[in-house]
Each structure stands twice: as structure tokens, then as C-alpha cells.
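Participant: Sharing a structure with you now.
The values are calculated or read from the model by the stated rules, or taken from the named source; none is laboratory data. These numbers come from a predicted model, not from an experiment. Positions of Cβ are backbone-derived with ideal geometry, glycine not excepted, and every protein chain shown enters the neighbour counts. To get the accessible areas, we keep the full protein, side chains included, count just its heavy atoms, and leave off ligands, DNA and RNA. Shrake-Rupley method; radii C 1.70, N 1.55, O 1.52, S 1.80 Å.
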Amino acid sequence: MIEKSIHKLKIDSKFETLIPPLSADEFKALEESIKNDGCREPICAWNKTIIDGHNRYKICSANNIPFYIQEINFDSKDEAINWICINQLVRKNISDKTRRYLIGKRYEAEKIINAKKNPKGRNQYTVELNKIAVTNTDIAIALGKEYNIASVTVRKYASYAKLVDNLLEKNPKIIPGIFNEIIKISYESMKQLTKKNKTDVHTLTSNIVQSNEEMNSRFIDSRKDLKKDKILENIFKVKETPVYDPDADISSLTYTISAWISSIERTFSLVDFEKITDKARSKINIELNKLKDTIDIMLEATEKKND
């Protein structure tokens, strides 16, 4: 650990985004604690870039308070991102949207680490898998088990994370509000926003985002304000909360599975498997194995009974 001093460190916005923002009260409490007792926890850094302790660093720098640095070595930025996600996901006070984003970012980081650094094995920053060859499906299944979600959900969270990253580039002020679930925006509405250019996104979201010094955001829950802009009205919709039906998604999936079975049986009856090409055979085997893995996870979930 580097000696306690007033160190000069760098801030990477891509790392900082992975750290859930503090509320104004939380930041004030942390600031008072550091002013009174000093900075007791080290600020973690990689190549002089902060990977944990952004708020502590800002407070210490503003008040000339010395602090320790704990340097952590990584071989790539993706390993650093993975490390941050793992650390943040153990926190109990993160919002559901933040959790989805972090799981999605971790999945994408694991994929890149596996492909570039160790395509036939594991390293200290990747998930523990009892296999020699690690595929993206293996990673999704392992993360799904770790966070108690389906592997397909892990992939969906990765898509969500990509949408968030797209919006971050176009108007970063909107993201804290989404993560804190103050701004209510659906996945499909986020997709609509990402298709627009930076200027349009800024214009649309500036009507609902009011940023203060702590980067807190607010959602204007007013039909009148939303109707001032028809495009905005289509993106940010205020709706009555529907009656919750715990069986709705399962019922929908049940009908879908019936269609899958019918399609598979029809194909099985029509195809001469001795004549199909190796390329086609390989593709269908890969997808069927993915389907089998997902079915196994779903079966395990549905077999669980409440105590």
C-alpha cells in the first residue's frame, strides 16, 4: 500500500459510471466523517486511475486530506471493469436497474477476457467454471447461478447495459435518474432513444432532467408536461400500475414453447439429417445446446417449492 499522502489520481468516466452515485445526504455524511476522522479506507487504483473510492478522492482532494492508495494490477481495462462490477454487486443498497447494468457489464467483460486472454481456460478475475473450454454460454450460466437468474436474463442485462452506455455518450445526466429509478423509462423506450442522435436525445431528456451538484436527477411526473412534446410523450409514458399477475409471464412462455415444439417436430419430419452440411449441423447443435441449458435452468427454477 502506498504511503498516506495527497496523491494525484486520474478518473475514468467508464469506471466511475460503474459506481452507484451517493445521494446528497450520503455524500454529506461521508464528507463529515472524513473531515473528522480522516480517510480510513484506501482508494483503490490501477495505473493511477481510480477503480474504487471516487467520492472519497473528491472529498480528500477538495479538503487537502491525505489518503492511502491500494494499487491493484490488471492486464486490461476489461479486467478492471470486471473487478469493479464484482465489488459493487455485493452491495445491498444498489437499485435493481443498477444491478442489471452491473451484471450486464460483467458478462461483457468476462466474454472479452475469456476470448482475448485465456480462450481455453480461466484466470483469477473470471468466473469459476468446471470446464476446460469456456464458452459465452458457460459464462452466462455461471453468472446466472451466482446471481440467481436465468442465463438468458444475463444476456438481456448485457443488452440493457449497451443501451445505457449508448445514452451515457449522448446525455450522461439522465443515467443517475434511471439507476435511482426516479426516471421511469422502459427497455423499449430506451431503445427508441438510442436510435436518435446526440442533439435530439439531449433536447428530449432536458425536459425531464434537472441536474444538481450531486448529479441527482428527477422525473417530472406530469401528463401536462409530457404532452408538450409528442415525441417525448411516446418515450416517457405515465401509466397506471397494472394488477400484478405472478403467472402472466409463465403462461405466455408456455404458449410460446408449444409453438417451438411444433416447429421442431415439423423440421424433424421434413429434414434428411444424412444430407445436411456440417456447417448447418454445427449451427443447429450450438443453438440446441443453448436451448437445453436454458431449459435446465428453467426446470430447476420451476421445481423449487416454497417452504
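Participant: Here are I86, I81, I65: which of them is aliphatic (A, V, I, L, M) and either closer than 23 Å to K4 by Cα or more than 22 Å from the chain's Cα centre (by Cα) (or both)?
Facilitator: Only one candidate passes the filter, namely I65.
Participant: Let me ask something else. Considering only region 132-190, how many residues are within 15 Å of the chain's Cα centre (by Cα), under 24 Å from A301 (Cα atoms) and of a type in the set (D, E)?
Facilitator: So the answer is 1.
Participant: State whether one or more residues within region 35-48 are surrounded by 14 or more Cβ atoms within 10 Å (Cβ to Cβ), under 25 Å from E169 (Cα atoms) and within 23 Å of the chain's Cα centre (by Cα).
Facilitator: yes
Participant: Can you find a residue in region 271-286 that is open to solvent by 90 Å² or more (accessible area, probe 1.4 Å), of a type in the set (S, T, N, Q) and more than 15 Å from I149 (Cα to Cα)?
Facilitator: no
Participant: Output the residues belonging to region 265-307 that are at pLDDT 85 or above and over 27 Å from I139 (Cα atoms).
Facilitator: Listed by number, the residues that qualify are T267, L270, V271, D272, F273, E274, K275, I276, T277.
Participant: Scan region 1-43 for residues that are part of a loop (DSSP other than H, G, I, E, B) and at pLDDT 90 or above and report the count.
Facilitator: Count: 12.
Participant: From the list N55, N93, which residue is open to solvent by 30 Å² or more (accessible area, probe 1.4 Å), under 26 Å from I182 (Cα atoms) and in a loop (DSSP other than H, G, I, E, B)?
Facilitator: None of the others qualify; the one that does is N93.
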